[in-house]
Amino acid sequence: MKPLVSIGKAPDYGVSSLKQIIYDCVNNIGGFGAIVGRSDKVLLKPNLLRSANPQQAAVTHPAFVEAVASLIIDHGAKVSLGDSPPLGNLNKVLSKSGYDDFMRNMDIKPCPFTKRRSLDCSDGRVYRRLDLAEEVFEFDKVINLPKVKTHCQMGLTLAVKNLFGVVVGTDKASWHLRAGKNIDDFATVLVQIFEQIRPAISIVDGILGMEGNGPNSGKPRFIGLVAAGRDPVALNTVIATLLDFPIEALRTSIIGEQMGLGITDLSRIEVIGDELNEFPLTDFERPKSMSMAWNLSYCNPVRRFLENHIITKPAIDTFVCQNCGVCMSHCPPGAIYVKNGATKIDRRKCISCFCCHELCGNNAVKIVEPYLGRLLSSASR
Ligand code: SF4
Ligand code: SF4
């Protein structure tokens, strides 16, 4: 049987209309009744990258999460909400991102991820052990609520990447460090994490998405979509296609398919729901880092050439930088340093994970694209 991906169009974040749209979307693929038991303990996992006004599109919109929570509570299940934001504690991020009111009104408890459970993945997987948030395993079901956003390192952050949040706090940096510059290695980590959590369903907030250099400081872009599916690779493939985004560049999908997580072949995916005549969005802005080579396992001179002339890099704008130290304390290989009062990046150590770009609250980390890289990326569209 083909995996089902359900798409609904949503004009805004009005909770009552959104609730109906999400209900219809999930109903197309079997309904909540098929995935959540009436007395289940359900964990919602939105994207809570940082404290952000929802209009910046950096987090899953609180109205979207409220609508999903309300549907699950109507169904009879008990709902909690968890994440491990890379910056700031969960309660603070929830409060500053507009989640407080509906969570209080609906008696939804926040579930910060603080403890670790060590999981044995030695059954033929690349990474033989994963330490993930213990709290996640205390629930009967996980519902994955990603946001449609570009991502400087991974292309797009959708259903698979969203579960990187179940890696507790600063453990995230150690995974970036282990994968180094090899995007496929990092995609493999993300796929393995998804395999361990296996959310019951992913429901994607693609109403106000983010284009350009996401996932933190890209440009909000109205897309007007809700998408749901149980095969995360098929779901991501359909969304990427609607955004005119090359599937080859979505390494979590390519690696996910190789590892048996799902399907990227559109002819083998059944898409149901609203008509999508205005898609694909051919002007959806990709991250500049799309011109980068996906794997840098070349010999040194070739690699040096690529790094100097093609691959995008982070660069700190010293006029904007506040020297707050956040990027320095989160840079996985310790490539950021202060010299003469200015924060700088040591290119030889940088692994292009773009964590500094993702975490800078002052938008001081720019994505620099060399001339040849610019030429190649414009030729590829
Ligand atoms: S996080 Fe941003 S503002 Fe803070 S030191 Fe780094 S570049 Fe500068
Ligand atoms: S400088 Fe930025 S992109 Fe480079 S390794 Fe550090 S955090 Fe990652």
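Going by the conditions given, is Gly334 more than 10 Å from ligand 2 (Cβ to nearest atom), within 27 Å of the chain's Cα centre (by Cα) and either part of a loop (DSSP other than H, G, I, E, B) or crowded, with 19+ Cβ neighbours inside 10 Å (or both)?
Working: more than 10 Å from ligand 2 (Cβ to nearest atom): no; within 27 Å of the chain's Cα centre (by Cα): yes; either part of a loop (DSSP other than H, G, I, E, B) or crowded, with 19+ Cβ neighbours inside 10 Å (or both): yes.
Here the answer is no, as Gly334 does not meet what is asked.
Listed by first and then second residue, the pairs linking a residue in the range 42-57 that is open to solvent by 10 Å² or more (accessible area, probe 1.4 Å) to a residue that is assigned to a helix (DSSP H, G or I), with Cβ atoms under 7 Å apart and 6 or more places separating them unless they lie on different chains, are Asn47/Asn162; Arg50/Val93; Ser51/Lys92; Ser51/Val93; Ser51/Lys96; Pro54/Pro62. Among the residues making up the range 348-362, those that are hydrophobic (A, V, I, L, M, F, W, C), under 16 Å from Ser174 (Cβ atoms) and more than 12 Å from ligand 1 (Cβ to nearest atom) are Ile351, Cys353. Give the range 341-360 a look and list any residue that's in a loop (DSSP other than H, G, I, E, B), within 19 Å of Asp184 (Cα to Cα) and among the hydrophobic types (A, V, I, L, M, F, W, C), or say none. Scanning the range 341-360 gives Cys350, Ile351, Cys353, Phe354.
Looking at the range 116-129, can you tell me whether even one residue there is open to solvent by less than 20 Å² (accessible area, probe 1.4 Å) and modelled with pLDDT of 95 or more?
Of the range 116-129, the ones open to solvent by less than 20 Å² (accessible area, probe 1.4 Å) are 121, 127.
Then drop every residue that is not modelled with pLDDT of 95 or more, which leaves none.
The answer is no, given that none of the residues of the range 116-129 is open to solvent by less than 20 Å² (accessible area, probe 1.4 Å) and modelled with pLDDT of 95 or more.
A quick yes/no check of all residues on (1) assigned by TED's automatic domain parsing to the domain that holds Val204; (2) open to solvent by 60 Å² or more (accessible area, probe 1.4 Å); (3) touching a residue at least 12 places away in the same chain (Cβ under 8 Å); (4) part of a loop (DSSP other than H, G, I, E, B):
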position	(1), (2), (3), (4)
Thr241	yes, no, yes, no
Asp244	yes, no, yes, yes
Glu248	yes, yes, no, no
Thr252	yes, no, yes, no
Leu261	yes, no, yes, yes
Thr264	yes, no, yes, yes
Ser267	yes, yes, no, no
Leu281	no, no, yes, yes
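Taking each residue of the range 343-362 that is hydroxyl-bearing (Ser, Thr, Tyr) and looking for partners that are near ligand 2 (Cβ under 7 Å from one of its atoms) and at pLDDT below 95 with beta-carbon atoms closer than 8 Å, six or more apart or interchain, yields Ser352/Pro314.
Determine the pairs where a residue that is touching a residue at least 60 places away in the same chain (Cβ under 8 Å), located within the range 179-208, has a partner that is open to solvent by 20 Å² or more (accessible area, probe 1.4 Å) and part of a strand (DSSP E or B) with Cβ atoms under 7 Å apart, the partner being 6 or more residues away or on another chain. Matching pairs, first to second residue: Gln196/Leu119; Ala200/Lys141; Leu208/Pro220; Leu208/Phe222.
Suppose we keep only residues that are assigned to a helix (DSSP H, G or I) and under 30 Å from Gly325 (Cα atoms) within the range 69-111. Which one would you say is most open to solvent (accessible area, probe 1.4 Å)? Looking at the filtered set, the residue picked out is Lys96. Hey, can you tell me all the residues within the range 77-131 that are under 15 Å from Ala63 (Cβ atoms) and hydroxyl-bearing (Ser, Thr, Tyr)? Listed by number, the residues that qualify are Ser97, Tyr99.
The values are calculated or read from the model by the stated rules, or taken from the named source; none is laboratory data. All of these numbers come straight from a predicted model, not from anything done at the bench. When we count neighbours, we look across all protein chains shown, and the Cβ atoms used for this are built from the backbone with ideal geometry, even at glycine. The protein model used for the area step is the full one, side chains on, heavy atoms only, and it has no ligands, DNA or RNA in it. Shrake-Rupley method; radii C 1.70, N 1.55, O 1.52, S 1.80 Å.
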